[in-house]
Amino acid sequence: MVAPERTLLRDEVEVDEFFLGGLEEGLKGGRQRGKKALVGVAVEVRGRGSGRLRLSILSNATADSLTALVTATTATGAVVHTDGWQGYKRLGTLDYEHRPLPRSSIAPGDDLLPRAHRAVSNLKAWMHGTHRGVSDQHLPVHLDEFVFRHNRRGTPMAAFQTLLGLGALHEPTTYAQLTKRAA
């Protein structure tokens, strides 16, 4: 469901990372991973609304991983809004206008990165309501599907036509490929 000709996000972009997975007992602190997947989110700012979305599984929340997320999803010259996490500091040395927003600068009740957090909330609701659980092996495909749906939410018929076109570009997926267990 990923169009090969898709362009990078531009102008203003909110970038964040989040954990995707169920409740795990015994974890302490907001950045303890457990068995959850760490996913990066990048979404274009379009006034008070959201533009195009990108989601990517991250190996960790280090500067290398987060910089790779931004460079893979966002055009140079864009304004990149992030939280104050140290992993984003390197963006200021690249061709981005990095605007970190420390939590202390946000009024109580306001959202630090509202478009990114809305997309994450919608993804989690969709995953819980539609799939009830996804294996690590199939998570990238489900993330791509959510991005496809989000980016075409205003034009359902165009989404259907795009999906037909994308389907014609790929070899069919076999049953064995769908049911193969990860090693």
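Of the residues making up the stretch 72-84, just one is touching an Asp or Glu at 6+ places or on another chain (Cβ under 9 Å) and free of Cβ contacts under 8 Å to residues at least 60 places away in the same chain, namely T76. In the set (1) in contact (Cβ under 8 Å) with a residue 12 or more places away in the chain; (2) of a type in the set (A, V, I, L, M, F, W, C); (3) surrounded by fewer than 17 Cβ atoms within 10 Å (Cβ to Cβ); (4) part of a loop (DSSP other than H, G, I, E, B), L112 fails one condition alone, (3).
Quick one: would you say V120 is in contact with a helix residue (DSSP H, G or I) (Cβ under 9 Å, 6 or more places away or on another chain) and of a type in the set (V, I, T)? In short, no.
Take the conditions (1) surrounded by fewer than 15 Cβ atoms within 10 Å (Cβ to Cβ); (2) modelled with pLDDT of 85 or more; N151 misses just one of them, which is (1).
The values are calculated or read from the model by the stated rules, or taken from the named source; none is laboratory data. Quick caveat: nothing in here was measured; it's all calculated off a predicted structure. Note that each Cβ is placed from the backbone with ideal geometry, even for glycine, and that neighbours are counted across all protein chains shown.
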